[in-house]
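**Student:** Here you go, one structure.
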Amino acid sequence: MPGKLKVKIVAGRHLPVMDRASDLTDAFVEVKFGNTTFKTDVYLKSLNPQWNSEWFKFEVDDEDLQDEPLQITVLDHDTYSANDAIGKVYIDIDPLLYSEAATVISGWFPIYDTIHGIRGEINVVVKVDLFNDLNRFRQSSCGVKFFCTTSIPKCYRAVIIHGFVEELVVNEDPEYQWIDRIRTPRASNEARQRLISLMSGELQRKIGLKVLEMRGNAVVGYLQCFDLEGESGLVVRAIGTACTLDKLSSPAAFLPACNSPSKEMKESPLAHPPSHGCRSTHNSPIHTATGSRLTQNFSVSVPTLIYTGMGSGSAGKEGGPFKALLRQQTQSALEQREFPFFTLTAFPPGFLVHVGGVVSARSVKLLDRIHNPDEPETRDAWWAEIRQEIKSHAKALGCHAVVGYSESTSICEEVCILSASGTAAVLNPRFLQDGTVEGCLEQRIEENLPAGCGFCHIPYDELNMPFPAHLTYCYNCRKQKVPDVLFTTIDLPTDATVVGKGCLIQARLCRLKKKAQAEANATAISNLLPFMEYEVHTQLMNKLKLKGMNALFGLRIQITVGENMLMGLASATAVYLAALPMPGGIQIAGKTPSDGSYEQHISHMQKKISDTIAKNKELYEINPPEISEEIIGSPIPEPKQRSRLLRSQSESSDEVTELDLSHGKKDAFVLEIDDTDAMEDVHSLLTDVPPPSGFYSCNTEIMPGINNWTSEIQMFTSVRVIRLSSLNLTNQALNKNFNDLCENLLKSLYFKLRSMIPCCLCHVNFTVSLPEDELIQVTVTAVAITFDKNQALQTTKTHIEKSLQRASTDNEELLQFPLELCSDSLPSHPFPPAKEHLESARSNSGIPAAQRDRCSSWIELIKLKAQTIRRGSIKTTVTVEKASPMGEGNFRNRSAPPCANSTVGVVKMTPLSFIPGAKITKYLGIINMFFIRETTSLREEGGVSGFLHAFIAEVFAMVRAHVAALGGNAVVSYIMKQCVFMENPNKNQAQCLINVSGDAVIFVRESELEVISTQQPTANCQQSCAGGEVTT
Amino acid sequence: MTSELDIFVGNTTLIDEEVYRLWLDGYSVSDAVALRVRAGILEQTGATAAVLQSDTMDHYRTFHMLERLLHAPPKLLHQLVFQIPPSRQALLIERYYAFDEAFVREVLGKKLSKGTKKDLDDISAKTGITLKSCRRQFDNFKRVFKVVEEMRGSLADNIQQHFLFSDRLARDYAAIVFFANNRFETAKKKLQYLSFGDFAFCAELMIQNWTLGAVGEAPSKPDSQVDDMDMDLDKEFLQDLKELKVLVADKDLLDLHKSLVCTALRGKLGVFSEMEANFKPPAPQNLSRGLVNVAAKLTHNKDVRDLFVDLVEKFVEPCRSDHWPLGDVRLFLNQYSVTVHSLDGFRHQALWDRYMDTLRGCLLRLYHD
């Protein structure tokens, strides 16, 4: 009996009137855990009952403690008929299971009903007594801490970062069970909520077990998602990074700037104490290469990388040995892992050595009923395959690890696109093992590399590049080679040297597709994917150039599948890295130079583009100092050399192979305008309007070039759905609609938040879904943070050198996907291709044959241990979408946040891992909540907008209430993982599912902390940033 | 391409004061958008009309959801759905319950019933205030009335406690409730020159001195728990006022009173002769008689309702027609009420003070153009 759960029901308030006659309610409460139920007395005739119950005690296994939610149901007693349910509260008691988190859950919880929403509140106290469990074979993993935060949490130190953990559980979706036909919507919704809650608990427990096996004590960057596969079931997946964390005894002493990037960014928002200068070393800039072939699939996205190991011996699948001792160590440390993936996006100093580029893989599958929920092998196998592919891509880039890793799905009917992406990287092994190498590393650090550019240096071999890239010596240290453009999925490393400010860049794309069934549909989708990837990449590249910048962080490409179209949305934060070469301009070339007026038009366009680039440079303060050219040995780009960037509208793969996509080789981009399509693209490039002055935006945690955040933050979610007119939908019209949708949404945000100027929208996270044929839904969550304009300008030292361009490989990949059939994606299926029915279309293999019959037999064939993972932390890199320099005139008074105590304590929510101007003193546990709301009186509730607005507000309220009950005052790393909205206006009905998560924390304002910490000599945390903050 | 759904939800609920005002004023979304455009917001912010439309809709939706909570302001404080800083909560409440001078003058003293509600169209047409806004204001009056109607203790305190108003607003509502309860006539033409502030001032004095709650107590102290009703006038007191009649009925008393007043005021009053004339019994506008008669009539509900009409007719208008300066009116009223203490034959000193102190305050306030 390893645990005793104690629950006390104190009181209720604001209950709804359940008895029309008396305008009152006779309420009582059922408290249920597992199969045990207790009831309170009925409190007659009151809307504010005081039950003050005894302690209800449940004696349970800790396994159940982890899996089961505490379920509290408030009912209205009715003598003559069945008692009416008022609503429920589900409480996840997980935070009580580890010692450092919360010790008691106590507070007012909104009573939630899936049909009526919040109906009053109930005051509950929950405690757990855990007994020590010596059973070695236990199934529980109490004590493992979970964090959504994708960096090492502020009050901890990473002793070891073990690596990737994943798990997945499947079940039938109650909504699709036969019984659903005879039960009420409420019962069905509640069954679903309960099931998902149960599955999340189980998933977390299983992941915890894996962590214990690895001898870790925590999961960082934990992301759990569910896939509503409809008929075929419900999948809950999670991925994370197992770590061994040490609690910092005196946070004030250890975390210098950590909580507040307020000061210099460079001072690292990471809480990492002991290490300094990072950079490992390999002294030999000489890379020997072995050739290898590119592997590609369709699936590879962007700047990906393909290619091959470097070093001497080649070693097939395992990739070549790496250059230096360090690498070998690291490698060996990583080799043991099946998947050397890390869901982190920000790292302890010194952890990240080199970054190769973005690796991604996608695969199209046909969903089939999950026959045996206890053996979710298919889903496991699917993910295992994708991960394998990611791993091989990383190898091709000379990297042994993938960081900033995440997974996602898009489901439409029975077709499912699985996507995974991350950033190939070389890591410092110091954190991966028990500090054995630490000594030797420390010495080498610092000598070699000036901080701030090391991660840009190419990990692959110059002579044997995975793709045509344009390398130069690093503009910063001049010792190592760097590519001309760098794309990553991680946050900007804190020690990176950046020139000027960053900005949010988005590539948006729609492609119509024919409606089709099953295999035909999957094939059509697989065929479209590579073109979409290519175009998304092209758009990103063009927009990046247009901004005059040379690197993307926090890149997230989302491909969404609908009945008759595919949507691609890529968001990233563009910056100018001082270590990389200055990007060339964009040249426009007309096809028919003979025509005079056409020429004129072209030159007009050219001028506009050049002007825009110049304007952007000014806007984002990009003025890297010119550096005398003394670049040795590497190809010095001729300034005006051009490359042709061809558009990919060609539909046949033959044509694709002829494309010369190596725009990386030249200094300037050429956009060839050969048809109206292209013309439109150029136009659309120019139509992206910069945000109003005073606004910046980014999808990373913080904005390069801005510091001195004030404490005023506003997290928000905005949802828009547009209906396309179904007449003559063309790709162009679709693109325009989509583009307008996103642009207008951003404009609205800027307008709404104008009182916060000067401010930056951080962690802007767009999600696209296609709920129905002609509907496009875009959901945005972000946080607006004001900053102190006067100190906002950071003088960035700029080490600039020339560099080469790194070719965008994705083009290459396209060319080669046919070759890839036999490459390393195959080893993962031990079954003969003929039987490859399983997955309908593997996009990566591009074999249409593959989607042939999907019979059930394949299950047996799959030997692979499936691992599911979903990496969840969505860190969107923040970029200023369009930033503009703020004139002095824009500086307005920010209204100081009046966070004085009211009767309801203020709970802040933010998608970031920190709270500006404050220090996180304690993590109370993970918040992971799932809600369903349904209505049959849509019009009465204000239509779809009224319905969803109220629901989201209620979700926020419930999250805040849970955090407050845990004793916290903020949620960090908050994300809305899912917002599935369905409507049927004809029936006056709508339903919405929302899944959110985050870390509940206690934070203390730095201004308050100051008082405490003044005695401590080590208190070098800057309070300065606490600028306009109110001490409650 | 049409927008099916368009929402923005902040962790802290965004309140745009300007839009809130438009919403309270009862403008439709499209009118509000037009008004905002006219105010030049597009130029200031560089926004488009579509953005403005979406923003306005969003705020309206939020206000609509908040409205339910605003009906019981303590709920707004305790609810968990909208995270609103306390200062903003106060602003929301204060503005929601604020009323237009023009509107309140139309409704003041009327029964807050369905019948009155039906007249709101006319009031709307007459005042130029939108019907929606009229309804909100009317419903606010009625809601507050219903809640505090049966309560003991200080009216203003009760209102403040249940509606979380500022002092000022609570006192205004106390006046509105008090007037509605006693149905004082305020709409007569000759009362049109009076502002709501004038009536509210009088109401406060009357509540302090003439209601049940005021009996034997220092006015409006919340510690008077016994039978402390601020809403209704003290019936016993009104009955007793008949006794004051002796002041004009008894010739000796009247003469004595008159001579005392005249002696004290001689040379101090610019309008001495007019004042003196007014004391004479046959004078058509005998001020003293008027004031005493008003008191004596208060036994009848009908006459209570006409209190202000009477005061204006019997006192304000005569003085005004004689061009009394305000200072002279004050001097006269002070002297007039004080000298009664010297009338040995008059036994109702306390009653007189309770009546006259309040009345003097009211008259001074009512005496203007």
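**Student:** Read through the list (1) within 21 Å of the chain's Cα centre (by Cα); (2) more than 14 Å from every other protein chain (Cβ to nearest Cβ), then give the number of the only condition that residue A:931 fails.
**Tutor:** (2)
**Student:** Let me ask something else. Tell me the residue from B:92, B:14 that is part of a helix (DSSP H, G or I) and either more than 13 Å from every other protein chain (Cβ to nearest Cβ) or in contact (Cβ under 8 Å) with a residue 12 or more places away in the chain (or both), please.
**Tutor:** Details: B:14 fails: part of a helix (DSSP H, G or I).
Exactly one of B:92, B:14 is part of a helix (DSSP H, G or I) and either more than 13 Å from every other protein chain (Cβ to nearest Cβ) or in contact (Cβ under 8 Å) with a residue 12 or more places away in the chain (or both), namely B:92.
**Student:** Separate question: Of the residues A:712, A:701, A:743, only one is under 22 Å from the mean Cα position of the chain (by Cα), of a type in the set (Asp, Glu), modelled with pLDDT of 80 or more and not in a helix (DSSP H, G or I); which? First the steps, then the outcome.
**Tutor:** Working: A:712 fails: under 22 Å from the mean Cα position of the chain (by Cα); A:743 fails: not in a helix (DSSP H, G or I).
On inspection, the qualifying residue turns out to be A:701.
**Student:** All but one of (1) within 12 Å of chain A (Cβ to nearest Cβ); (2) surrounded by 18 or more Cβ atoms within 10 Å (Cβ to Cβ); (3) part of a helix (DSSP H, G or I) hold for residue B:32; state the number of the condition that does not hold.
**Tutor:** Result: residue B:32 passes all but (1).
**Student:** From the list B:322, B:310, which residue is within 20 Å of residue B:193 (Cα to Cα), modelled with pLDDT under 85 and in contact with a helix residue (DSSP H, G or I) (Cβ under 8 Å, 6 or more places away or on another chain)? Don't jump to the end; show me each part of the working.
**Tutor:** Numbers: B:310 fails: modelled with pLDDT under 85.
After applying the criteria, what remains is B:322.
**Student:** Now, a different point. Kindly indicate which of A:67, A:62, A:92 is touching a Cys at 6+ places or on another chain (Cβ under 9 Å) and surrounded by 17 or more Cβ atoms within 10 Å (Cβ to Cβ).
**Tutor:** Details: A:67 fails: touching a Cys at 6+ places or on another chain (Cβ under 9 Å); A:92 fails: touching a Cys at 6+ places or on another chain (Cβ under 9 Å).
On inspection, the qualifying residue turns out to be A:62.
**Student:** For residues that are more than 18 Å from residue B:178 (Cβ to Cβ) and in contact with a Ser or Thr (Cβ under 6 Å, 6 or more places away or on another chain), tally how many sit in the stretch B:95-109.
**Tutor:** Going residue by residue through the stretch B:95-109, those that are more than 18 Å from residue B:178 (Cβ to Cβ) are B:95-96, B:98, B:100, B:102.
Subset that is in contact with a Ser or Thr (Cβ under 6 Å, 6 or more places away or on another chain): B:102.
The number of residues fulfilling the criteria is 1.
**Student:** Turning to a different aspect of this structure: For the stretch A:1-115, which strands (runs of 3 or more DSSP E) that fit wholly inside it have 1 or more residues that are touching a residue at least 60 places away in the same chain (Cβ under 8 Å)? Full working, then the answer.
**Tutor:** Details: elements: A:3-13, A:27-33, A:36-39, A:56-60, A:70-76, A:84-91, A:105-113.
Result: A:3-13, A:27-33, A:70-76, A:84-91, A:105-113.
**Student:** How many residues does the stretch A:28-80 contain that are at positive phi and among the hydrophobic types (A, V, I, L, M, F, W, C)? Working first, answer last.
**Tutor:** First, the residues of the stretch A:28-80 that are at positive phi: A:34, A:45, A:52.
Applying the additional criterion that residues be among the hydrophobic types (A, V, I, L, M, F, W, C) yields none.
Going through the stretch A:28-80 one residue at a time, the tally reaches 0.
**Student:** Would you be able to tell me the number of residues in the stretch B:58-85 that are facing chain A (nearest Cβ under 7 Å), of a type outside the set (Phe, Trp, Tyr) and touching a residue at least 24 places away in the same chain (Cβ under 8 Å)?
**Tutor:** Count: 4.
**Student:** Let me ask something additional. Quick test for you: out of B:55, B:6, pick the one residue that is at the interface with chain A (Cβ under 9 Å from one of its Cβ atoms), on the phi < 0 side of the Ramachandran plot and open to solvent by less than 10 Å² (accessible area, probe 1.4 Å).
**Tutor:** Step by step, each of B:55, B:6 is checked, and only B:55 is at the interface with chain A (Cβ under 9 Å from one of its Cβ atoms), on the phi < 0 side of the Ramachandran plot and open to solvent by less than 10 Å² (accessible area, probe 1.4 Å).
**Student:** Out of the residues in the stretch A:934-967 that are over 19 Å from residue A:982 (Cβ atoms) and open to solvent by 20 Å² or more (accessible area, probe 1.4 Å), state the one that is farthest from the other protein chains (Cβ to nearest Cβ).
**Tutor:** Top of the filtered list is A:967.
**Student:** Follow-up question, since we're still on this one. Taking the stated definitions as given, is residue B:349 touching a residue at least 24 places away in the same chain (Cβ under 8 Å), within 18 Å of residue B:247 (Cα to Cα), polar (S, T, N, Q) and open to solvent by 10 Å² or more (accessible area, probe 1.4 Å)? Spell out the reasoning first.
**Tutor:** Numbers: touching a residue at least 24 places away in the same chain (Cβ under 8 Å): no; within 18 Å of residue B:247 (Cα to Cα): yes; polar (S, T, N, Q): yes; open to solvent by 10 Å² or more (accessible area, probe 1.4 Å): yes.
No; evaluated as a whole, the condition is false for this residue.
**Student:** Report, by residue number, each residue of the stretch A:212-230 that is farther than 19 Å from residue A:377 by Cβ and either charged (D, E, K, R) or more than 22 Å from the chain's Cα centre (by Cα) (or both).
**Tutor:** Of everything in the stretch A:212-230, those that are farther than 19 Å from residue A:377 by Cβ and either charged (D, E, K, R) or more than 22 Å from the chain's Cα centre (by Cα) (or both) turn out to be A:212, A:213, A:214, A:215, A:216, A:217, A:230.
**Student:** Follow-up question, since we're still on this one. When only residues in the stretch A:715-740 that are assigned to a loop (DSSP other than H, G, I, E, B) and away from chain B (no Cβ under 12 Å) count, which is nearest to the chain's Cα centre (by Cα)? Walk me through how you get there before you give the answer.
**Tutor:** Of all residues in the stretch A:715-740, those assigned to a loop (DSSP other than H, G, I, E, B) come to A:724-730.
With the extra rule that they be away from chain B (no Cβ under 12 Å), the set shrinks to A:728, A:730.
Details: A:728: 35, A:730: 31 Å.
Applying the filter and picking the extreme gives A:730.
**Student:** If you take the residues in the stretch A:749-766 that are in a loop (DSSP other than H, G, I, E, B) and hydrophobic (A, V, I, L, M, F, W, C), which one is farthest from residue B:18 (Cα to Cα)? Give the steps one after another, and end with the answer.
**Tutor:** Here is the first cut: in the stretch A:749-766, the ones in a loop (DSSP other than H, G, I, E, B) are A:753, A:757-758.
Pick out the ones that are also hydrophobic (A, V, I, L, M, F, W, C) and you get A:753, A:757.
On the way: A:753: 14, A:757: 18 Å.
That would be A:757.
**Student:** Go through A:125, A:144 for me and flag whichever is open to solvent by less than 20 Å² (accessible area, probe 1.4 Å) and either at pLDDT 90 or above or away from every other protein chain (no Cβ under 14 Å) (or both). First the steps, then the outcome.
**Tutor:** Values: A:125 fails: open to solvent by less than 20 Å² (accessible area, probe 1.4 Å).
Criteria check complete, one pass: A:144.
**Student:** Is it the case that some residue within the stretch B:97-104 is open to solvent by 40 Å² or more (accessible area, probe 1.4 Å), under 25 Å from residue B:148 (Cα atoms) and in a helix (DSSP H, G or I)?
**Tutor:** yes
**Student:** For residue A:708, state whether it is away from chain B (no Cβ under 12 Å), touching a Cys at 6+ places or on another chain (Cβ under 7 Å) and open to solvent by 30 Å² or more (accessible area, probe 1.4 Å). Step through it out loud before you land on a result.
**Tutor:** Working: away from chain B (no Cβ under 12 Å): yes; touching a Cys at 6+ places or on another chain (Cβ under 7 Å): yes; open to solvent by 30 Å² or more (accessible area, probe 1.4 Å): no.
When the stated conditions are applied, residue A:708 does not pass them.
**Student:** For the subset of the stretch B:17-29 comprising residues that are without any contact (Cβ under 8 Å) to a residue 40 or more places away in the chain and more than 14 Å from chain A (Cβ to nearest Cβ), which member is most open to solvent (accessible area, probe 1.4 Å)? Break it down into steps so the answer makes sense when it comes.
**Tutor:** Filtering the stretch B:17-29 down to residues without any contact (Cβ under 8 Å) to a residue 40 or more places away in the chain leaves B:18, B:22, B:28-29.
Those still in the list that are more than 14 Å from chain A (Cβ to nearest Cβ) too: B:22, B:28.
Details: B:22: 6, B:28: 50 Å².
Checking each candidate, the answer is B:28.
**Student:** For the stretch A:902-928, enumerate the residues that are within 14 Å of chain B (Cβ to nearest Cβ), assigned to a strand (DSSP E or B) and of a type in the set (A, V, I, L, M, F, W, C). Explain how you work it out, then say what you get.
**Tutor:** Within the stretch A:902-928, the subset within 14 Å of chain B (Cβ to nearest Cβ) is A:902-912, A:915, A:927.
Now drop any that are not assigned to a strand (DSSP E or B), which leaves A:908-909, A:927.
Correct list: A:909, A:927.
**Student:** Next question. Only one of A:41, A:19, A:94, A:23 is at pLDDT 90 or above and either of a type in the set (Asp, Glu) or in contact with a Ser or Thr (Cβ under 6 Å, 6 or more places away or on another chain) (or both); which? Walk me through it before giving the result.
**Tutor:** On the way: A:19 fails: at pLDDT 90 or above; A:94 fails: at pLDDT 90 or above; A:23 fails: at pLDDT 90 or above.
Checking each option against the conditions leaves just A:41.
**Student:** Taking residue B:109 as meeting all but one of (1) away from every other protein chain (no Cβ under 13 Å); (2) closer than 30 Å to residue B:197 by Cα; (3) part of a helix (DSSP H, G or I); (4) at pLDDT below 95, write down the number of the exception.
**Tutor:** Result: residue B:109 fails condition (3) only.
**Student:** Within the stretch B:35-52, track down each residue that is open to solvent by 60 Å² or more (accessible area, probe 1.4 Å) and within 11 Å of another protein chain (Cβ to nearest Cβ).
**Tutor:** B:44, B:46, B:50
The values are calculated or read from the model by the stated rules, or taken from the named source; none is laboratory data. No experiment lies behind these values; they were computed from the predicted model shown. Note that each Cβ is placed from the backbone with ideal geometry, even for glycine, and that neighbours are counted across all protein chains shown. When the accessible area is computed, the model is the full protein with side chains, heavy atoms only, and any ligands, DNA or RNA have been set aside. Shrake-Rupley method; radii C 1.70, N 1.55, O 1.52, S 1.80 Å.
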